[in-house]
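Participant: One structure, pasted below without further comment.
The values are calculated or read from the model by the stated rules, or taken from the named source; none is laboratory data. Keep in mind the model is a prediction, meaning the values are calculated, not measured. Heads up, the Cβs are rebuilt from the backbone with ideal geometry, glycines too, and the neighbour counts pull from every protein chain shown. Ligands, DNA and RNA are stripped out before the accessible areas are found, and what is left, the full protein with its side chains, is counted by its heavy atoms. Shrake-Rupley method; radii C 1.70, N 1.55, O 1.52, S 1.80 Å.
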Amino acid sequence: MQNTELNTVATTIDKFSDIAQELPFESEQAWTLSSDYMASYLRQHADNGAGFGAEEVSLFASGRLDWLLRETGPSLCGLFSEGDIIALLDCYQGSMFFPDQMNSIASDLCDHLGVELENYQGSNIALLVGTLLDLSPVQRVTLVDALEQTWHRGMRMESKSPREFFATLGIDLS
């Protein structure tokens, strides 16, 4: 890696804490808990032979993520009802997710509703928890992105119901 590219990546990574301080608390927390993953990705990809610096790598990664979300969205069709999505929105209340949190969606929901994860099968959320536990990692990323967008853009900015907004993302609810 060239010195200028190293400096660009290091400078970008150094700005992470400054950016975090300007964010609302939930976003700051998610940003901070994601920063190791962001830094790792930038370090690995900033000089990948294509001449990408930190900014280009970030933009390129966002394009790939958009593709991934569009390709994976249809795999979530019919897995959730609008009531399921409302329960998840209520659980997270507009929180921004950090990567490790995507592994605990089912347990977070159980905690929120006072259900022991080990005993979820006898609860009224058994089907939803089972569905969440069966999701692949890429489906979890797609779900949390849809939840975040629904809360912040769909409901708050566009006044759409979860069903209406999920449909704009190519995800039909049952």
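Participant: Every residue in the range 144-174 that is surrounded by 13 or more Cβ atoms within 10 Å (Cβ to Cβ), among the hydroxyl-bearing types (S, T, Y) and not in a helix (DSSP H, G or I), please.
Facilitator: S161 - this is the single residue of the range 144-174 that is surrounded by 13 or more Cβ atoms within 10 Å (Cβ to Cβ), among the hydroxyl-bearing types (S, T, Y) and not in a helix (DSSP H, G or I).
Participant: Can you name the condition, by its number, that S95 falls short on among (1) closer than 22 Å to T168 by Cβ; (2) polar (S, T, N, Q); (3) modelled with pLDDT of 95 or more?
Facilitator: Among (1) closer than 22 Å to T168 by Cβ; (2) polar (S, T, N, Q); (3) modelled with pLDDT of 95 or more, S95 violates only (3).
Participant: Would you mention how many residues in the range 73-104 are within 17 Å of G154 (Cα to Cα), open to solvent by 40 Å² or more (accessible area, probe 1.4 Å) and of a type outside the set (D, E, K, R)?
Facilitator: 4
Participant: Still on this structure: Which members of the range 67-106 meet the condition of being touching a helix residue (DSSP H, G or I) at 6+ places or on another chain (Cβ under 8 Å), farther than 19 Å from E26 by Cβ and hydroxyl-bearing (S, T, Y)?
Facilitator: The answer is T72, S75.
Participant: Would you please name the residue that is nearest to F98 (Cα to Cα), looking only at residues in the range 36-57 that are open to solvent by 60 Å² or more (accessible area, probe 1.4 Å) and touching a residue at least 40 places away in the same chain (Cβ under 8 Å)?
Facilitator: Y37
Participant: Run down G154, G170, G122 and say which single residue is of a type outside the set (S, T, N, Q), under 26 Å from S62 (Cβ atoms) and modelled with pLDDT under 95.
Facilitator: Within the list G154, G170, G122, the selection yields G154.
Participant: Identify all residues within the range 106-143 that are without any contact (Cβ under 8 Å) to a residue 60 or more places away in the chain, under 16 Å from F166 (Cβ atoms), open to solvent by less than 30 Å² (accessible area, probe 1.4 Å) and in a helix (DSSP H, G or I); write none if there are none.
Facilitator: Passing the criteria: L128, T131, L132.
Participant: Here is a list: A39, A50, A10, A20. Which entry is modelled with pLDDT under 90 and not in a helix (DSSP H, G or I)?
Facilitator: Matching residue, one of A39, A50, A10, A20: A50.
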